[in-house]
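Computed from the coordinates by the stated procedures, all read-outs in this text should not be read as laboratory data. Keep in mind that what you see is a predicted model, and the values were worked out from it rather than measured. Ideal geometry is used to build each Cβ from the backbone, glycine not excepted, and the neighbour counts take in all protein chains shown.
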């Protein structure tokens, strides 16, 4: 199919999946297959689809019966946007896992249900290439890429969405007819704006993605191995730990200032640290340690680069830290990165709340004091409370804010306030702690990271419904500006063109103009 082709009326596929309702033994696993156990939807039925044609048919039936519809690929939505009690039809793409080279498009075609682990495995074994997407191998491509998608390799290669060449989407027109549409980044493509919206516009807004095509900007020729970034020749990982017993408030503040200043110095694509990525895990004091996890793809220079990074962070802290370095192949790392983080025992049954922000500057001394206070408080028991700081920038910041829908293009850090708990009775305590921490960190801008000199909004792939709640956002800056900045009106125009009936909607969806 050409990048400029629109499919006609949907055909009936005899192999289309049936309706999986509550009386089907598969229903419990499908209806409640989600990463965040804080939310639980109960759709009337699930459609387990295996092709674009089946998605068209499933959407058409839902529209005809006037039933609210949602789609899921990997199930890692952090808010209740998919597991919403208002959703009556859940379309699950987990069987759509194809990855191949498409010679007609001169690009790699990836079906929406593919997990990142499978994507990394097939691209590497087949052609020695990769896409700089997310960190957990269990995340589904479908909802991940269209939110922008950053991960371990973003500082070196940019966002996954920066390498998106085309997208196939099932949309619904004003007459209520579902059809599949292919849109590409080609300037002559009349559907180009629909492609653009899927480079950071977020899921559940315009239609249901069934396929992505990836080819790096500027890549030419027909050799597949030259069309995407080469996979790293090797990965050097590092694990670092500081005992809370050795971190008084002065030492803690010095560590955070050092970390932020390193990020400020290394935010450019040509900076010495562009081939290094790390996350500083500021765990609650009751957890015992502050930890750093990271990697470098710098080959023979990786070990030196890692030690320079760690020395810069620890300078003047006055507390000993443990260091563990390990060299790995790219595939072994990509399929099981830091298992203590992504596949910790019991995590599959946990509830979460994440509140994130893009930072243009390091934390101020006041923000560092706030962080220390919340992480060392003894009047509240929040074992799963944590503040994370991940390096950002590099190649990401070489793209213009309006070239894709991912508008944050000059940040040096991403930060996330997190709480996780197992017992539902602990929800109120954990939510109260994480919301208060976030509000106080950004107290100078109304409790949210309003775009400005120091902050630059939030990441739509980590949706936070609190940003649309005036109890928690007193900044006067609407939630859509925090996520999309000046790109929002353009996204609204795409919404009006491709989803005029507002079929695809949720608490943080792009609104019709």
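Rg over Rh for the chain works out to 0.96, using Cα positions for both radii and the Kirkwood form for Rh.
As an exercise, use a Förster radius of 22 Å and the Cβ-Cβ distance of residue 174 and residue 95 to find the FRET efficiency, rounded to the nearest 0.05. Working shown, then result.
Values: r = 31 Å, r/R0 = 1.40.
Efficiency for this residue pair is about 0.10.
Here the translational diffusion coefficient of region 1-231 follows from Stokes-Einstein with Rh set to the Kirkwood radius across Cα pairs; for 37 °C and 0.692 mPa s it amounts to 184 µm²/s.
With a Förster radius of 30 Å applied to the C-beta separation of residue 469 and residue 261, the computed FRET efficiency comes to 0.30.
Just report the Cα centroid separation between region 86-104 and region 130-148, whole Å. Going from one Cα centre to the other spans 14 Å.
Computed from the alpha carbon positions, the gyration tensor of region 406-508 leads to an equivalent ellipsoid with semi-axes of 26, 19, 12 Å, biggest first.
Per-peptide packing, taken as the mean over residues of other Cβ atoms within 10 Å, places 82-89, 411-418 in the sequence 411-418, 82-89 from highest down. Take each peptide in 459-466, 247-254, count the other Cβ atoms within 10 Å of every residue, and average; sorted highest first, the result is 459-466, 247-254.
Placing pseudo-labels 7 Å out from each Cα toward the beta carbon at residue 328 and residue 398 gives an inter-label distance of 2.6 nm. Summarising the label geometry, the points placed 7 Å from Cα in the beta-carbon direction at residue 502 and residue 121 lie 4.2 nm from one another. When peptides 494-506, 375-387 are ranked by their average number of other Cβ atoms within 10 Å per residue, the highest-first order is 494-506, 375-387.
What full-extension length gain, to one decimal in nm, is calculated for residue 42 and residue 410 as 0.36 nm per residue of separation minus the Cα-Cα distance?
Details: separation 368, 0.36 × 368 = 132.48 nm, distance 4.07 nm.
Gain on extension, residue 42 to residue 410, equals 128.4 nm.
Enclosing the Cα atoms of region 235-487 in their convex hull gives a volume equal to 131 cubic angstrom per residue.
Taking label positions 7 Å along the Cα-Cβ direction at both residue 428 and residue 350, the computed distance is 2.4 nm, reported to one decimal.
Distance between the C-alpha centres of region 159-193 and region 407-462: 32 Å, rounded to the whole angstrom.
Our estimate of slack between residue 248 and residue 67, defined as 0.36 nm per intervening residue step minus the Cα-Cα distance, is 59.6 nm. For the pair residue 19 and residue 226 in one chain, pulling the backbone fully straight at 0.36 nm per residue adds 70.3 nm over the alpha carbon distance.
For a label point 7 Å from the Cα of residue 286 along Cα→C-beta, name the residues of region 410-435 whose backbone N is under 18 Å from it. Backbone N within reach: 418-435.
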